[in-house]
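The values are calculated or read from the model by the stated rules, or taken from the named source; none is laboratory data. Here the structure is a predicted model, which is why all the values come from computation and not from measurement. Please note: Cβ atoms are built from the backbone with ideal geometry, for glycine as well, and neighbour counts cover all protein chains shown.
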Amino acid sequence: MNNIYYQIIAYNSHWHVQSLALRYKILRAPLGLKYAYDDLLKEVNQIHFAAIREDEVIGVCLLQKINTHQAKLRQFAIAENCQKSGIGKALLLYAEEYARQQHYTEIILHARQTAMGFYQKNGYAEMGEIFHEVGLPHFKMQKLIC
């Protein structure tokens, strides 16, 4: 994980363009889905986090405010050649620390069933029943971060 840094990136920056490409490649393209302009426009006020190595975004996630104490983690993607290397965990911890500093006490997310193990290893607990989103089974998960 040498030469990797984690930062908040600005919407419409060159980092943001790279993060959209990564999100598309990992999360959407395998499902035959595209991003709608209106959906991306809703992300203007969300916090965009990136893992960057050698001027390339290799990880991304978003944090959306739900209310004064709760935020939703969204669009978590790590480049295929970087998965299972600790970069995802480091990016998750970076986003959680930011959330703590903003006085959030809970993070929720919708985890694809295939990603549940990652979130469970990082302290997230399953809430409720399985549901389908973007054609895949998901679980709502939460973590108290206070």
Please give the number of the condition Phe118 fails out of (1) over 18 Å from His48 (Cβ atoms); (2) without any contact (Cβ under 8 Å) to a residue 24 or more places away in the chain.
(2)
For segment 39-56, does any single residue satisfy the condition of being farther than 17 Å from Tyr119 by Cα, in contact with a Cys (Cβ under 6 Å, 6 or more places away or on another chain) and among the aliphatic types (A, V, I, L, M)?
no
Looking at Gly117, Gly128, can you tell me which residue is among the small types (Gly, Ala, Ser) and closer than 23 Å to His69 by Cα?
Gly128
What about Asn81, is it among the polar types (S, T, N, Q), over 28 Å from Gln120 (Cβ atoms), free of Cβ contacts under 8 Å to residues at least 24 places away in the same chain and exposed (fewer than 11 other Cβ atoms within 10 Å of the Cβ)?
no
Quick one: which of Tyr24, Tyr6 is in a helix (DSSP H, G or I) and at pLDDT 95 or above?
Tyr24
So in segment 32-58, with the set limited to residues that are touching a Leu at 6+ places or on another chain (Cβ under 7 Å) and in contact (Cβ under 8 Å) with a residue 40 or more places away in the chain, which one is surrounded by the fewest Cβ atoms within 10 Å (Cβ to Cβ)?
Ile47
Of the residues Glu129, Glu97, which is free of Cβ contacts under 8 Å to residues at least 12 places away in the same chain and either touching a Ser or Thr at 6+ places or on another chain (Cβ under 7 Å) or part of a strand (DSSP E or B) (or both)?
Glu129
